[in-house]
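What follows is a single structure, written as structure tokens, with notes after it.
Just so you know, all these numbers are worked out from the coordinates, no wet-lab data involved. Note that the structure is predicted; figures quoted are calculated from it, not measured. Heads up, the Cβs are rebuilt from the backbone with ideal geometry, glycines too, and the neighbour counts pull from every protein chain shown.
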Amino acid sequence: MTGNSAHLLNSKDIRSSGLETHDLNGHGLNASRIGLGTWAIGGWMWGGTDEAESIRTIQGAPDKGVNLIDTAPVYGFGRSEEIVGKAVAEAKMRDQVVLATKCALEWDDKGGVQRNASKKRVLKEADDSLKRLRTDVIDLLQVHWPDPVVDVRETAEAMAELKEAGKIRAVGVSNFSPEQMDAFQEVVAIDVAQNPYNLFERDIDHDVLPWAEKHDTRLLAYGALCRGLLSGRMHASREFPGDDLRNNDPKFAQPRFNQYLAAVDALEAFAQKHYDKHVLDLAIRWLLDQYDHAFALWGARTPDQLDAVANVPGWHLNGAARAEIKAIVDQHVTDPVGPEFMAPPSRKD
Ligand code: NAP
């Protein structure tokens, strides 16, 4: 097993891509501002996975300027982490990537998932992740969801212990409220908050983003493409095989689906007219320009899905453009809905 000592991004490919990089923890843990999200690569809730294609996607990411890889134990119940670990080890690229994973969700053999952020669980999961990822240090470990039956401070103690032991480099929380983050920070500093954020899901504008700004906390914005809606390739007759979560996503159910698709068409026209870009490029640029410490997590499972990373650097959206983008979304999406359907149950439920 190997760790990554000299923090990277001395990699020629990443520098030459032009994509911005940023310090993930304030202590030199540099990462590309686009991260490869590997939930779909785990297969579960995305209609299955193709391991060879997934490995090519991961191994090809640094060439496109993307060195941050976000995974989680629950993605395919270990499968996503295993595929990431295999891809990184086989290509001997551990010193070229920043590995982010999570903890605090447990699953049973029937596929039931629930929250468990107890100290015991967090410590065990970190060791399991180290094995699956075939590394001796996790660059960023994030508490996946707050657990209402465990004191946030107990979870934070486990994270502090892992950092002290050198098993993790940076501490993150995901889907936490500002109040929960305040309590967590009584024990250990939060380097990263991971929350849903994209052109269609902007709840954190009112709470988590101001909190992150106040504390200089990095934001990993998940669902950057709103589960493919903002890719520009989505259409009303698209079918989602097997257990694909979009079969239960209220944004993909009519009549709302058409509202979102109309907004995407209007955003595509706006991007082409003003920037000679596409809606996907606009969606990612918008995220990065919202907050200097933001990173966009972009889920991809084939190498070509990351080709458009090349369209993100070198231009920016000013305040007037952002206001116009908001007006376009508000005009078309008259019945918006958030990503709440994804929240896993707690042991209390
Ligand atoms: P996403 O990034 O919004 O969308 C990913 C989907 O968009 C892909 O699976 C693909 O779907 C489609 N896509 C991507 N690039 C495309 C391209 N160039 N052209 C056409 N379609 C394209 O969704 P996400 O994967 O849910 O979110 C990103 C990452 O955030 C996850 O992988 C995970 O790492 C993280 N996340 C974290 C949490 C949390 O609770 N902390 C929750 C959700 C996600 P198809 O291949 O099916 O078309």
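What do you get when you divide the Cα radius of gyration of the chain by 2.2 N^0.38 Å, with N the number of residues?
0.93
If I stretch the segment between residue 109 and residue 335 completely, what's the gain in nm (0.36 nm per residue apart, minus their alpha carbon distance), one decimal?
Difference between extended and current length: 77.6 nm.
Take the alpha carbon gyration tensor of the range 246-333, find the square roots of its eigenvalues, order them as a ≥ b ≥ c, and report rounded if a/c is under 1.5; if not, report prolate when a/b exceeds b/c, else oblate.
Taking the square roots of the gyration eigenvalues as a ≥ b ≥ c, the range 246-333 is oblate.
To the nearest 0.05, how large is the calculated FRET efficiency for residue 153 and residue 89 if R₀ is 30 Å and r is the Cβ-Cβ distance?
So, using R0 = 30 Å, E works out to roughly 0.25.
Set Lys and Arg Cβ to +1 and Asp and Glu Cβ to -1, take the dipole of the range 80-229 about its Cα centre, and tell me which of 229, 178, 93 lies farthest positive.
Highest projection toward the positive end goes to 93.
Assigning unit charges at the beta carbon (Lys, Arg +1; Asp, Glu -1) and nothing else, what dipole magnitude in debye, to the nearest 20, does the chain show about its Cα centre?
Charge dipole, the chain, about its Cα centre: 520 debye, nearest 20.
Checking understanding here: applying a Kyte-Doolittle mean of at least 0.5 and a length along the axis of at least 15 Å (C-alpha), which whole DSSP H helices in the chain pass?
What comes out of the filter, once short or polar helices are dropped, is 279-290.
Principal axis extents for the range 138-216, Cα atoms only, whole Å, descending order, please.
Projected onto its principal axes, the Cα set of the range 138-216 covers 39, 27, 21 Å.
Checking the cross-link filter: which lysines have an alpha carbon closer than 16 Å to that of residue 163, excluding same-chain neighbours under 8 positions apart?
Of all the lysines, those that pass the test against residue 163 - Cα under 16 Å, at least 8 places apart if same chain - are 102, 119, 120, 124.
Where a Cα-Cα gap under 30 Å defines reach, which lysines qualify for residue 277, not counting those fewer than 8 residues away within the same chain?
12, 64, 251, 326
Can you report the principal axis dimensions of the range 36-82 using only the alpha carbons, biggest first, rounded to whole angstrom?
28, 18, 15
How much of the pair distance distribution for the range 181-281 lies past 19 Å, counting alpha-carbon pairs only, in percent?
In whole percent, the long-distance tail amounts to 55.
Per residue, how big is the convex hull of the range 57-209 when only Cα atoms are used? Give it in Å³.
Cα convex hull per residue, to the nearest whole number: 127 Å³.
Residues in the range 223-237, backbone N under 13 Å from the label point at residue 342 (7 Å along the Cα-to-beta-carbon vector): list them, ranges by number please.
Under 13 Å, as judged by backbone N against the label point of residue 342, lie 223-230 of the range 223-237.
Ranked from highest to lowest mean number of other Cβ atoms within 10 Å per residue, what is the order of the peptides 134-145, 316-327?
Final packing ranking: 134-145, 316-327.
May I ask you to list the trypsin sites (Lys or Arg not before Pro) in the range 159-243 that are in a DSSP loop and have at most 14 other Cβ atoms within 10 Å of their Cβ?
233, 238
With unit charges on the beta carbons (Lys and Arg positive, Asp and Glu negative) and the dipole taken about the Cα centre of the range 32-75, which residue among 57, 32, 47 sits farthest to the positive side?
Working it through, the farthest residue towards the positive pole turns out to be 32.
Would you mind computing, in nm to one decimal, how far apart the modelled labels at residue 22 and residue 56 are, each placed 7 Å from Cα along Cα→Cβ?
Those two pseudo-labels are separated by 3.2 nm.
Kindly give Rg over Rh for the range 252-293, based on alpha-carbon atoms, with the Kirkwood expression for the hydrodynamic radius.
Answer for the range 252-293: 1.09.
Of 282, 75, 303, which is farthest on the positive side of the dipole of the chain, counting Cα position, with +1 on Lys and Arg Cβ, -1 on Asp and Glu Cβ, and the Cα centre as origin?
Farthest towards the positive pole: 303.
Based only on other Cβ atoms within 10 Å, what is the fewest-to-most ordering of 92, 131?
92, 131
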